[in-house]
Each structure stands twice: as structure tokens, then as C-alpha cells.
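Asks: Dumping the structure here so I can ask a few things about it.
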């Protein structure tokens, strides 16, 4: 089953997304900060990253920029964000995200986006 790295600095969201994805059979690892994402990408080689934009230290936009510097090894990214401005969505997609889900999102929205990106990357 595909490996998914979920990064969010809000423990409740992190736990909820992890439970949903593990319930669907995905292998899930988590991170709570941008630097942890980059370390986990090198260590775990996830098939997909679910990434919050607002995090302490290295934010989601910075993580996206760093991942673009590694095109051979960087997995696809779905941004999960409470930032609802169209300019934020456009900026995230321009920075390399494949999908942008607004919080709060539904379980169906999450699973549809995850399945689409996992299918594309395999």
C-alpha cells in the first residue's frame, strides 16, 4: 500500500487524517513541522505528502520550494490549508502542489484527492 506523509502542526487534524487514511489501508507517517517533512522524504520516501501551509519554522511554501529542487525524489503534494484566498491556492499550485484542499474538508474530498494522486504517481 502507498506510503503517505501527513504534515500539520495541529495535533487533532494530524490524528484525524492519519486515522482516515490508515482506515483505508494506507501506510501513514506524520510530521509537525516543515523540516521534519524534508527529513522524512529523504528517510521514508513517501508516495504522497499532505502538507499544511502554516507551520512553525519552515512553512508549507518553503517546503514546496525545497521539494522542487529534488524533482527526481520529491513525491506529489496535496496542500491542506485553512487559507481560503484564491491567491494562496494559486501560489501553492505554482510552487508545486498538485492539489489544494481547504479546511475543513470532507472525508470524501480527502480520499478522492489522495487516490487520484497515488494513482498518478504509480
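Quick note: the coordinates plus some simple rules give every number you see, no bench work behind them. From a predicted model like this one, the values you see are computed outputs, not experimental measurements. Heads up, the Cβs are rebuilt from the backbone with ideal geometry, glycines too, and the neighbour counts pull from every protein chain shown.
Asks: Would you please give the FRET efficiency between residue 27 and residue 90, computed as 1/(1 + (r/R0)^6) with r the Cβ-Cβ distance and R0 = 35 Å, to the nearest 0.05? Walk me through the numbers before you get to the answer.
Replies: On the way: r = 31 Å, r/R0 = 0.90.
It comes out at approximately 0.65.
Asks: Enumerate the residues in the range 1-31 having an amide nitrogen under 14 Å from the point lying 7 Å beyond the Cα of residue 121 toward its Cβ.
Replies: 1-7, 26-31
Asks: Counting helices only, and only those DSSP H runs with n ≥ 4, report the 222 nm mean residue ellipticity of the chain as the sum of -39,500 (n - 2.57) divided by its residues, in deg cm²/dmol to the nearest 500. Can you show the working numbers first?
Replies: Values: 5 runs with 57 residues, N = 122.
The per-residue figure over the chain is -14500 deg cm²/dmol.
Asks: How high is the relative contact order of the chain, given as a whole-number percent (alpha carbon pairs under 8 Å, six or more residues apart)? Don't jump to the answer; show the numbers that get you there.
Replies: Numbers: 205 pairs, mean separation 27.8, N = 122.
It comes to 23 percent, rounded to a whole number.
Asks: What ranking of 49, 78 emerges when the number of other C-beta atoms within 10 Å of each C-beta is taken as an exposure proxy, fewest first? Please report the intermediate quantities before stating the final value.
Replies: Details: 49 27, 78 21.
The fewest-first ordering by Cβ neighbours comes to 78, 49.
Asks: Related question: Taking only the alpha-carbon positions of the range 3-121 and ignoring solvent, what does the Debye formula give for the base-10 log of I(q)/I(0) at q = 0.16, 0.17, 0.19, 0.21 Å⁻¹?
Replies: Summing over Cα pairs of the range 3-121 leads to -0.65, -0.75, -0.97, -1.23.
Asks: While we're on this one: Tell me, in nm to one decimal, what length is gained between residue 105 and residue 20 on full extension, where the rule is 0.36 nm per residue of separation less the Cα-Cα distance? Walk me through the intermediate numbers first.
Replies: Working: separation 85, 0.36 × 85 = 30.60 nm, distance 1.24 nm.
My answer for the length gained is 29.4 nm.
Asks: Please compute the Kirkwood hydrodynamic radius over the range 1-57, one decimal place, Å, based on all pairs of different Cα atoms.
Replies: Numbers: mean 1/r = 0.0895 Å⁻¹.
Here the Kirkwood hydrodynamic radius works out to 11.2 Å.
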